[in-house]
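See structure below.
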Amino acid sequence: MTNIPKDLKYTKDHEWVLTMTDGKARVGITDHAQRQLGDLVYVEHPNIGDRFEAYEPFGSAESVKAVTELFMPAAGQVTARNDRLHEEPELVNTDPYGDGWLIEISLKNPSSDGLLSAKEYDAYITSED
């Protein structure tokens, strides 16, 4: 059973978003995505200060199975990145919603328009299978 926390928002590209109170958001890949990828061996991050529009690629995740691009769930500027993943990419597999987070961004528009609720994301991944 895939873990889909109710307090997060999701994209159809399988990123999750935790909106924080200071106009920032934390971003990672979902439990479903990490299961599909398999054991991660490398995560490529953007630089702090880089700006992206929604749905632009911002990095990649490499597993023993494949390399996949990571997509920005909302427009914003990177304010932090999880550098632990350089030495411990497996954190994305073992704790995708905690220690396996990827980046934090300062949101250009704090609205969560276009993002899916947990219920909508669950229905989406169910329809994909």
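Is it true that R84 is open to solvent by 70 Å² or more (accessible area, probe 1.4 Å), more than 15 Å from P5 (Cα to Cα) and in contact (Cβ under 8 Å) with a residue 24 or more places away in the chain?
No.
Residues that are closer than 19 Å to E88 by Cα, touching a residue at least 40 places away in the same chain (Cβ under 8 Å) and open to solvent by 20 Å² or more (accessible area, probe 1.4 Å): does region 10-25 have at least one?
no
Starting from region 31-45, take each residue that is part of a loop (DSSP other than H, G, I, E, B) and list its partners that are open to solvent by 80 Å² or more (accessible area, probe 1.4 Å) and among the acidic types (D, E), counting only C-beta distances under 7 angstrom and pairs at least six apart or across chains.
So the pair list comes out as D39/E90.
I'd like the full set of residues that are in a loop (DSSP other than H, G, I, E, B) and on the phi < 0 side of the Ramachandran plot, limited to region 112-129. Before the answer, list the steps.
Within region 112-129, the first condition is being in a loop (DSSP other than H, G, I, E, B), and the residues that meet it are 112-115, 117, 129.
Once the filter is applied, which keeps residues that are in a loop (DSSP other than H, G, I, E, B) and on the phi < 0 side of the Ramachandran plot, region 112-129 yields S112, D113, L115, S117, D129.
Test of understanding: among V17, V43, which residue is in contact with a Leu (Cβ under 9 Å, 6 or more places away or on another chain) and closer than 16 Å to S106 by Cα? Let's see the steps before the verdict.
Numbers: V43 fails: closer than 16 Å to S106 by Cα.
That would be V17, the only listed residue that is in contact with a Leu (Cβ under 9 Å, 6 or more places away or on another chain) and closer than 16 Å to S106 by Cα.
Across region 70-111, what is the total count of residues that are over 11 Å from the mean Cα position of the chain (by Cα) and outside any loop (DSSP other than H, G, I, E, B)?
16
N109 passes all but one of (1) out of contact with any Lys or Arg (no Cβ under 8 Å at 6 or more places or on another chain); (2) surrounded by 13 or more Cβ atoms within 10 Å (Cβ to Cβ); (3) without any contact (Cβ under 8 Å) to a residue 60 or more places away in the chain; (4) not hydroxyl-bearing (S, T, Y); which number fails?
(2)
Pick from region 44-59 the residues that are small (G, A, S) and open to solvent by 20 Å² or more (accessible area, probe 1.4 Å): which of them is modelled with the highest pLDDT? Write out each step before concluding.
In the first step, residues of region 44-59 are kept if they are small (G, A, S); the result is 49, 54, 59.
Among the residues that remain, those that are also open to solvent by 20 Å² or more (accessible area, probe 1.4 Å) are: 49, 54.
Values: G49: 97, A54: 92.
Filtering first and then ranking leaves G49.
The values are calculated or read from the model by the stated rules, or taken from the named source; none is laboratory data. Given the structure is predicted, the values throughout are model-derived calculations rather than measurements. Using ideal geometry, Cβ is built from the backbone for each residue, glycine included, and neighbour counts are taken over all protein chains shown. For accessibility, only protein heavy atoms count, side chains too; no ligands or nucleic acids. Shrake-Rupley method; radii C 1.70, N 1.55, O 1.52, S 1.80 Å.
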